[in-house]
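The structure under discussion appears below in the form of structure tokens.
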Amino acid sequence: MSHTLLSVPYTTPMASLSFNTTRIRTPTLQSHKPNSKFSSLAKPIKVSFTFLTKPSRRNQQKLHPIRSSSVSESSVFAPKEVEFDDDDDKEEDDPTAELSYLDPETDPGSILEWELDFCSRPILDIRGKKLWELVVCDSSLSLQYTKYFPNNVINSVTLKDAIVSISDDLGVPLPEKIRFFRSQMQTIITKACKELGIKPIPSKRCLSLLLWLEERYEAVYMRHPGFQKGSKPLLALDNPFPMELPENLFGEKWAFVQLPISAVREEVSSLETRLVFGAGLDLDLLGIEIDDKTLIPGLAVATSRARPLAAWMNGLEVCSIEAELSRASLILSVGISTRYIYATYKKTPVTTNEAEAWEAAKKACGGLHFLAIQEDLDSDDCVGFWLLLDLPPPPV
């Protein structure tokens, strides 16, 4: 699968890469004759997030809300059975209920990776203490699990037992990997996972989980009898100062580029059929609806060592790329809380406008963007392709 990456038109070329200027003695400026106008991205774009977490009606009878264990019944609101009304518009779940669900049409053995959050919620229990909650799902939401905990049992043993309970209750094998996005919980989650032979992966690519938490904030937490309006998250996400890029991630040239969403979809679908590094996203599952002709902004990086670079990048949990205007640089976010200065450019009114336009295009696409690694910026083929979604931190 090959698609020509459409470069953003520049008055001044911005294709020279300054990952580490001491290693590039004579940077080559690579300019492109644009095949499309960036102004097309400035038009309103239909981006609709219709992230559905509730099982379809044909599966609702399979829901089995679980009651809290004896250790927590004395201190958290006792969960009640979920009841479904025949009228979807009147359907309203009890916010104190806990969820244990597996799509009956899904092969339990096919769910190899989970996404997990274990954190306090803006809810007070009957003791006046913040309630904690374990939320687990897979990327397709075929598996969904929630359970409340009092704050005095938060440790790796509790988490390990809960993970085993999910496996036993739903009849699914323990996952091979568990992704999580809170650095403050890394010790507890890592210890629980390793004792069960599960690989813990700190990563903000828990997009199904992040969107589910955003939905649960309004649909569940705000309706809970113990909800505390204005309560700030106990474990806010890290946004550390960006670090110098490791030597193995150096490139040679870069350019802001764009592709129609239809071509992006094809590029993602071909990741499994071609010898290309990268990662995609299930846009349909995430509820992102964009017209097929919409141009998606991206960053193309070219280097003569494109395949080794793509291989190194593939070992990272690439999350997003941000144009940081104040520092005239591009910031690469990977893993759970690692940020690198991926590239820099000479700060001028022209280059600032280009970076602003790229960020505006990304915002107009709901945060959707991509990273492409090529042997040459004029090449039609990508050696590596990552579809990325820049999401705001969850409200909890």
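Only the coordinates and a few stated rules stand behind these numbers; no lab work does. Values in this document were obtained by computation on a predicted structure and should not be read as measured data. Positions of Cβ are backbone-derived with ideal geometry, glycine not excepted, and every protein chain shown enters the neighbour counts.
Worth pointing out:
- Applying the Karplus relation 6.51 cos²θ - 1.76 cosθ + 1.60 with θ = phi - 60° to the stretch 198-208 yields 3J(HN,Hα) values of 9, 7, x, 10, x, 6, 8, 7, 8, 5, 4 Hz, where x marks Gly and Pro.
- Using the Cβ of S208 as centre and a radius below 9 Å, the other residues enclosed give a net charge of -3, where K and R count +1 and D and E count -1.
- From least to most packed, judged by other beta carbons within 10 angstrom and beginning with the fewest, R216, R305, R223 follow the order R223, R305, R216.
- D_trans [Stokes-Einstein, Kirkwood Rh over alpha-carbon pairs] for the stretch 266-369, 20 °C, 1.002 mPa s, µm² s⁻¹: 138 µm²/s
- Stokes-Einstein diffusion of the stretch 323-389 at 37 °C, 0.692 mPa s viscosity, Kirkwood radius from Cα pairs, rounded to a whole number: 245 µm²/s.
- Value of D in µm² per second that Stokes-Einstein yields for the stretch 104-213, Kirkwood Rh from Cα pairs, at 37 °C (0.692 mPa s): 232 µm²/s
- 14 Å cut-off, amide nitrogen to a point 7 angstrom out along T352 Cα→Cβ, residues in the stretch 294-337: 324-329
- Distance cut-off 18 Å, percentage of C-alpha pairs in the stretch 350-396 lying past it: 50 percent
- Projecting the Cα atoms of P297, L332, P308 onto the charge dipole of the stretch 202-350 (Cβ charges, centred on the Cα centre) puts L332 farthest toward the positive pole.
- The fewest-to-most ranking of Y217, Y148, Y340 by surrounding Cβ atoms within 10 Å reads Y217, Y340, Y148.
- Packing around the peptides 276-288, 246-258, taken as the average count of other Cβ atoms within 10 Å per residue, puts them in this order, highest first: 246-258, 276-288.
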